[in-house]
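Below you'll find the structure, written out as C-alpha cells, and then a few comments.
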C-alpha cells in the first residue's frame, strides 16, 4: 500500500505561501487600478465592465484562498477533498456569474437605446 502522507519542508511551504501572498497583493493592486480606469470612462458599457471586473476579482480571490489551503494539506486525500470542494463551489459561482452577466448586456442595450 502506498502511503499518501507527504512531507513538505517548512521552508518550502513558507516560501510558497509568501509567493502566493505577494501574487495576491499584485493582482489586487492591478484589479484596483483596472476598476479606477473603467470608472473614468463613462458610457453604457461601464457597468458591465465593472461587473466583469468584480466577478474576475472574486474568482481570483477564491483561487488564492484555495492555493493557501492546498499548501496546508498534509496528504493526498486532503488535496483531493480540497480540490473537489473548490471545483464544486466554483461551478456554482460560475453558474450564478453567467446568469448575472447575461442580464448585463440587456441592461446595457436598453441604455444605448435611450441615448
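Being crowded, with 16+ Cβ neighbours inside 10 Å and within 11 Å of residue 31 (Cβ to Cβ) is the filter; apply it to segment 56-77 and report the residue that is farthest from the chain's Cα centre (by Cα).
57
In segment 8-28, which residues are in a helix (DSSP H, G or I) and more than 27 Å from residue 53 (Cβ to Cβ)?
Taking segment 8-28 and keeping what is in a helix (DSSP H, G or I), we get 10-28.
10, 11, 12, 13, 14, 15, 16 - these are the residues of segment 8-28 that are in a helix (DSSP H, G or I) and more than 27 Å from residue 53 (Cβ to Cβ).
Right, residue 31: under 21 Å from the mean Cα position of the chain (by Cα), modelled with pLDDT under 90 and part of a helix (DSSP H, G or I) or not?
Against the criterion (under 21 Å from the mean Cα position of the chain (by Cα), modelled with pLDDT under 90 and part of a helix (DSSP H, G or I)), residue 31 does not qualify.
If residue 17 satisfies all but one of (1) surrounded by 12 or more Cβ atoms within 10 Å (Cβ to Cβ); (2) under 18 Å from residue 78 (Cβ atoms); (3) touching a residue at least 60 places away in the same chain (Cβ under 8 Å), what's the number of the condition it fails?
So residue 17 meets the others, but not (3).
Going by what's in this entry, would residue 87 be described as part of a helix (DSSP H, G or I) and at pLDDT below 95?
On the way: part of a helix (DSSP H, G or I): yes; at pLDDT below 95: no.
Against the criterion (part of a helix (DSSP H, G or I) and at pLDDT below 95), residue 87 does not qualify.
Taking the stated definitions as given, is residue 82 out of contact with any strand residue (DSSP E or B) (no Cβ under 9 Å at 6 or more places or on another chain), in a helix (DSSP H, G or I), at pLDDT 95 or above and over 25 Å from residue 32 (Cβ atoms)?
On the way: out of contact with any strand residue (DSSP E or B) (no Cβ under 9 Å at 6 or more places or on another chain): yes; in a helix (DSSP H, G or I): yes; at pLDDT 95 or above: yes; over 25 Å from residue 32 (Cβ atoms): yes.
So residue 82 passes the test.
The values are calculated or read from the model by the stated rules, or taken from the named source; none is laboratory data. No experiment lies behind these values; they were computed from the predicted model shown. Positions of Cβ are backbone-derived with ideal geometry, glycine not excepted, and every protein chain shown enters the neighbour counts.
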